[in-house]
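J.: Before anything else, here's the structure in question.
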Amino acid sequence: MNRSNDIIIELQAMEGKATLDSMGLVDQRLFTGENKLHAKMDIQSCLWRCEYDNGMLPQPLKQRFTSFNRLLSFVEDYYKRRNIEVVKVID
């Protein structure tokens, strides 16, 4: 069971591969800790969503999930296709 309604998902570029997104650029601050990806649960609806500290969230990540595990699985698949991996989940 998750203890927090705001969980940080740390990302890093896959070694030796260029990061990709639909417009050809990924916020490099996601790898340095200057910008963070959060998984947040709405306590009213109990649905999970993604949020960045800074900047616009990519459109595919602008959806709601019924559990943290579903959100995490989607995030891992989304970023894996962009040569980015989840390295740590901070609850």
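J.: Inside the range 21-38, can you point out the residues that are at pLDDT 90 or above and not hydrophobic (A, V, I, L, M, F, W, C)?
T.: Answer for the range 21-38, where residues must be at pLDDT 90 or above and not hydrophobic (A, V, I, L, M, F, W, C): R29, T32, G33, E34, N35, K36, H38.
To keep it simple, each residue is scored yes or no on (1) more than 14 Å from the chain's Cα centre (by Cα); (2) closer than 15 Å to V87 by Cβ.
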| residue | (1), (2) |
| --- | --- |
| S4 | yes, no |
| I8 | no, yes |
| M14 | yes, yes |
| A18 | yes, no |
| M41 | no, no |
| Q44 | yes, no |
| E51 | no, no |
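J.: Here's another thing I want to ask about it. Hey, could you check the range 1-20 for residues that are charged (D, E, K, R), out of contact with any Asp or Glu (no Cβ under 7 Å at 6 or more places or on another chain) and exposed (fewer than 15 other Cβ atoms within 10 Å of the Cβ) and say which is modelled with the highest pLDDT?
T.: Looking at the filtered set, the residue picked out is D6.
J.: Among the residues of the range 66-88, are any touching a helix residue (DSSP H, G or I) at 6+ places or on another chain (Cβ under 9 Å), of a type in the set (S, T, N, Q) and surrounded by fewer than 16 Cβ atoms within 10 Å (Cβ to Cβ)?
T.: No, the range 66-88 contains no residue that is touching a helix residue (DSSP H, G or I) at 6+ places or on another chain (Cβ under 9 Å), of a type in the set (S, T, N, Q) and surrounded by fewer than 16 Cβ atoms within 10 Å (Cβ to Cβ).
J.: Would you please list the contacts, defined by Cβ atoms under 6 Å and residues six or more apart or on different chains, that run from a residue in the range 69-91 that is at positive phi and in contact (Cβ under 8 Å) with a residue 12 or more places away in the chain to a residue that is outside any helix (DSSP H, G or I) and surrounded by 16 or more Cβ atoms within 10 Å (Cβ to Cβ)?
T.: N83/T19
J.: (1) closer than 22 Å to N5 by Cβ; (2) surrounded by 11 or more Cβ atoms within 10 Å (Cβ to Cβ): which one isn't true of Q44, the others all being true?
T.: (2)
The values are calculated or read from the model by the stated rules, or taken from the named source; none is laboratory data. These numbers were taken from a predicted model, which means no experiment stands behind them. With ideal geometry, Cβ positions are generated from the backbone for all residues, glycine too; neighbour counts draw on all protein chains shown.
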